[in-house]
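Take a look at the following structure, please.
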Amino acid sequence: RSRVAILVSGRGSNMAALIDAAAEPSFPAEIIGVISNRPSAGALAIAERAGVATTVVDHKAFPSREAFDDALHAELVRLAPDVVCFAGFMRLLTAGFIERWEGRMLNIHPALLPSFKGLDTHARALEAGVKLHGCTVHLVTAEMDAGPIVAQAAAPVLDGDDEPTLAARVLALEHRLYPRALAMWARGEARLAGGRVRTDGRDGEPPAAL
Ligand code: GAR
């Protein structure tokens, strides 16, 4: 099984979905540790209850981005993961850090990339009047929310939606998509080729698109 470390900053519902999926013996990855940059993250208690080792690398304790990233790197070297899953990890990382882990980092973003990179994706989707919204699992590269796409899932935007109703609909999809995308990645069913992720023979099937 692939060794997976999860980076979190907050609530941890996507982390919980990954931990739950990995509890199945047939899942091709195991969760070896959770690292939070915030000591107050709710994710930490959830991970501990599930018996997953947690560490805090508090960004406020470091004088610079580089110093924080070096500490995070050291913690990851200690865990020695094959894959690093960002799950609501809300820190931008330096190019130096990204270079050291590139090709091994996955992120989930609450929008259909390349639309709505960055924050407040649900409010911006409502403002734009899009009729389809969703979430994306992608490889992390130096450019924010722009790495090769592994898998996406779409949800309708309904006339009566506000930010909370739309966020909830997309979050439920995130919890299904991320474990499936990680499983594909861990099994080698999704892999980088020519700067894009290929999912050989699985086009149009879940989980590349839910
Ligand atoms: C999720 O919706 C995730 O997609 C998003 O933050 C939320 C975290 O919730 N991530 C980003 O916006 C990354 N820029 P969770 O902590 O319950 O998984």
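The values are calculated or read from the model by the stated rules, or taken from the named source; none is laboratory data. Every value quoted in this text rests on a predicted model; they were computed, and no experiment measured them. We place every Cβ from the backbone using ideal geometry, glycine too, and count neighbours over all the protein chains shown. Remember, those area values only see protein heavy atoms, side chains included, never the ligands or the DNA or RNA. Shrake-Rupley method; radii C 1.70, N 1.55, O 1.52, S 1.80 Å.
Give the residues of segment 70-125 that are part of a helix (DSSP H, G or I) and of a type in the set (Gly, Ala, Ser), sorted by residue number. Let's see the steps before the verdict.
The initial filter retains those residues of segment 70-125 that are part of a helix (DSSP H, G or I), namely 70-79, 95-101, 121-125.
Hits for segment 70-125 are Ala71, Ala74, Ala95, Gly96, Ala123, Ala125.
So Ile6 passes all but one of these: (1) part of a helix (DSSP H, G or I); (2) open to solvent by less than 40 Å² (accessible area, probe 1.4 Å); (3) among the β-branched types (Val, Ile, Thr). Which condition number does it fail?
Tallying (1) part of a helix (DSSP H, G or I); (2) open to solvent by less than 40 Å² (accessible area, probe 1.4 Å); (3) among the β-branched types (Val, Ile, Thr), Ile6 fails exactly one: (1).
Sticking with this structure for a sec: Among Ala17, Ala5, which is within 16 Å of the ligand (Cβ to nearest atom), under 29 Å from Ala95 (Cβ atoms) and in contact with a helix residue (DSSP H, G or I) (Cβ under 6 Å, 6 or more places away or on another chain)?
Numbers: Ala17 fails: under 29 Å from Ala95 (Cβ atoms).
Testing whether each residue is within 16 Å of the ligand (Cβ to nearest atom), under 29 Å from Ala95 (Cβ atoms) and in contact with a helix residue (DSSP H, G or I) (Cβ under 6 Å, 6 or more places away or on another chain) leaves just Ala5.
Ok, one more. Cβ-Cβ under 6 Å, sequence separation 6+ or interchain: first residue in segment 36-58 and closer than 15 Å to Glu75 by Cα, partner of a type in the set (Asp, Glu) and open to solvent by 40 Å² or more (accessible area, probe 1.4 Å). Which pairs?
Thr54/Glu48
Identify the single condition in (1) within 12 Å of the ligand (Cβ to nearest atom); (2) among the acidic types (Asp, Glu); (3) open to solvent by 40 Å² or more (accessible area, probe 1.4 Å) that Glu66 does not satisfy, given that it satisfies every other one.
Failing condition for Glu66: (1).
Can I ask one more? Can you run down the residue pairs with Cβ atoms below 9 Å, 6 or more apart or on separate chains, where the first is in segment 99-115 and among the hydroxyl-bearing types (Ser, Thr, Tyr) and the partner is open to solvent by 10 Å² or more (accessible area, probe 1.4 Å) and away from the ligand (no atom under 13 Å from the Cβ)?
Ser115/Ala128; Ser115/Val130
Separate question: Contact list please: Cβ distance under 8 Å, first residue in segment 1-23 and in contact (Cβ under 8 Å) with a residue 40 or more places away in the chain, second residue hydroxyl-bearing (Ser, Thr, Tyr) and within 14 Å of the ligand (Cβ to nearest atom), pairs at least six apart or on different chains.
Once the first residue is in contact (Cβ under 8 Å) with a residue 40 or more places away in the chain and sits in segment 1-23, its partners that are hydroxyl-bearing (Ser, Thr, Tyr) and within 14 Å of the ligand (Cβ to nearest atom) give Leu7/Ser36; Val8/Ser36; Ser9/Ser36; Asn14/Tyr178; Ala17/Tyr178; Leu18/Tyr178.
Filter segment 85-95 for residues that are open to solvent by less than 40 Å² (accessible area, probe 1.4 Å) and either within 9 Å of the ligand (Cβ to nearest atom) or over 11 Å from the mean Cα position of the chain (by Cα) (or both) and give the result.
Scanning segment 85-95 gives Phe86, Ala87, Gly88, Phe89, Leu93, Thr94.
Taking the stated definitions as given, is Ile149 open to solvent by less than 50 Å² (accessible area, probe 1.4 Å), at pLDDT 95 or above and either touching a Phe, Trp or Tyr at 6+ places or on another chain (Cβ under 9 Å) or under 29 Å from Ala95 (Cα atoms) (or both)?
Here the answer is no, as Ile149 does not meet what is asked.
Taking the conditions exactly as written (open to solvent by 30 Å² or more (accessible area, probe 1.4 Å) and under 15 Å from the mean Cα position of the chain (by Cα)), does Arg104 satisfy them or not? Steps first, please.
Numbers: open to solvent by 30 Å² or more (accessible area, probe 1.4 Å): yes; under 15 Å from the mean Cα position of the chain (by Cα): yes.
Yes; evaluated as a whole, the condition is true for this residue.
Please work out which residue is nearest to the ligand (Cβ to nearest atom), limiting yourself to segment 33-54 and to residues that are open to solvent by 30 Å² or more (accessible area, probe 1.4 Å) and under 18 Å from the mean Cα position of the chain (by Cα).
Of the residues in segment 33-54, the ones open to solvent by 30 Å² or more (accessible area, probe 1.4 Å) are 38-40, 42, 45-46, 48-51, 53-54.
Now narrow it down to the ones that are under 18 Å from the mean Cα position of the chain (by Cα): 38, 42, 46, 54.
Numbers: Arg38: 11, Gly42: 8, Ile46: 9, Thr54: 14 Å.
Per the stated criteria, the residue is Gly42.
A further question on this structure: Just name the residue that is nearest to Gly188 (Cα to Cα) out of those in segment 9-32 that are open to solvent by less than 60 Å² (accessible area, probe 1.4 Å) and part of a loop (DSSP other than H, G, I, E, B).
Filtering segment 9-32 for residues open to solvent by less than 60 Å² (accessible area, probe 1.4 Å) gives 9-10, 12-19, 21-22, 27-29, 31-32.
Next cut, part of a loop (DSSP other than H, G, I, E, B) only: 9-10, 12, 27-28.
Numbers: Ser9: 28, Gly10: 29, Gly12: 26, Phe27: 13, Pro28: 10 Å.
Applying the filter and picking the extreme gives Pro28.
Do we find that Glu127 is more than 15 Å from the chain's Cα centre (by Cα), more than 12 Å from the ligand (Cβ to nearest atom), among the charged types (D, E, K, R) and within 23 Å of Val197 (Cα to Cα) in this structure?
So Glu127 does not fit the description; no.
Read through the list (1) without any contact (Cβ under 8 Å) to a residue 60 or more places away in the chain; (2) more than 16 Å from Ala167 (Cβ to Cβ); (3) open to solvent by 70 Å² or more (accessible area, probe 1.4 Å); (4) of a type in the set (Asp, Glu), then give the number of the only condition that Asp82 fails.
The one condition Asp82 does not meet is (1).
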